[in-house]
1. Toward the positive end of the charge dipole of the chain, about the Cα centre and with charges on Cβ (Lys, Arg +1; Asp, Glu -1), which of Y191, T35, S56 goes farthest?
2. First check a/c for the range 66-149, with a ≥ b ≥ c the square roots of the eigenvalues of its C-alpha gyration tensor; if it is under 1.5, answer rounded, and if not, answer prolate when a/b is larger than b/c or oblate otherwise.
3. Semi-axes of the chain's equivalent ellipsoid from the Cα gyration tensor, sqrt of 5 times each eigenvalue, largest first, rounded to whole Å?
4. So which GluC sites (Glu not before Pro) in the range 85-151 are both in a DSSP loop and have at most 14 other Cβ atoms within 10 Å of their Cβ?
5. How big is the charge dipole of the chain about its Cα centre, in debye rounded to the nearest 20, if each Lys and Arg gets +1 on its Cβ and each Asp and Glu gets -1 on its Cβ?
6. Put a dot 7 Å past each Cα toward the Cβ at H40 and R110; how far apart are the dots in nm?
7. What nm value, rounded to one decimal, do you get for the distance between L96 and S152 when each label is placed 7 Å out toward the C-beta?
8. Taking θ as phi - 60°, what are the ³J(HN,Hα) couplings along the range 110-115 by the Karplus curve (6.51, -1.76, 1.60), each to the nearest whole Hz, with x for Gly and Pro?
Amino acid sequence: MFTGIVEELGEVAAITPDGADGAAVRLAVRGPEVTSDARHGDSIAVNGVCLTVTDSADGTFTADVMKETLDRSSLGALRPGSAVNLERAAKVSDRLGGHIVQGHVDGTGRILDRVPGSRWETVRVSLPDELARYVVEKGSITVDGVSLTVVSVEPGSFTISLIPTTLDLTTLGRKGVGDPVNLEVDIVAKYVERLVGFTGTAAPPPVGADEGSGA
């Protein structure tokens, strides 16, 4: 479990194909802070996708990423040198600074618009139809692994406000119009839907549910 509070802005060091069929890649990411106590088998969220550490040394960790995750999250668009948001799994004793984040990406959106303000920036993000019912004004959503509050919801999109700290310390301050972002809706909304017996179109299964244990 994560909280959506990004600990470090890391950098992709290398992406190595794993297997002749291209079904997976080995992702190497530089992140001195999150690797300071990382061990084999630990979980680290990369742009909101929960990945399992396969190796860690000299401030860099590696993780195997399956084709399913590459296809259904923005990790497939990463290149060496790409900046990524990093967060280690939360400890039971930690304060829950954001909201409950699983690292299971529900879908992707794209940045549609950015409007600078005096002390913040308003960003509009496209919203897949199958996720729209989970997103409400003043509710929580995770964008590229960052826990954020929804400002408004419109057909096909939602807006968020980014404070200077978020703009400076996460990838959301660097991405431009048209760039993809990973979306994870509030797990509480999905449980409520299940309990009340919602009969609409089912959302697609999430990806990145810890690459070592399957989605």
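Read-outs throughout are calculated quantities, based only on the coordinates presented, and are distinct from any laboratory measurement. All figures in this text were calculated on a predicted structure; none of them were measured in a lab. Cβ: placed from backbone, ideal geometry, glycine included. Neighbour counts: every protein chain shown.
1. Highest projection toward the positive end goes to Y191.
2. In terms of gyration-tensor shape, rounded.
3. Values: eigenvalues 135, 81, 58 Å².
They are 26, 20, 17 Å, listed from largest to smallest.
4. Within the range 85-151, the qualifying GluC sites (Glu not before Pro) (loop, at most 14 other Cβ atoms within 10 Å) are E137.
5. Values: 19 positive and 30 negative charges, 89 e Å.
That gives the chain a dipole magnitude of about 420 debye.
6. 4.2 nm
7. Spacing of the two 7 Å Cα→Cβ label points: 3.0 nm.
8. Per-residue couplings from phi come out as 10, 5, 9, 6, 9, 10 Hz.
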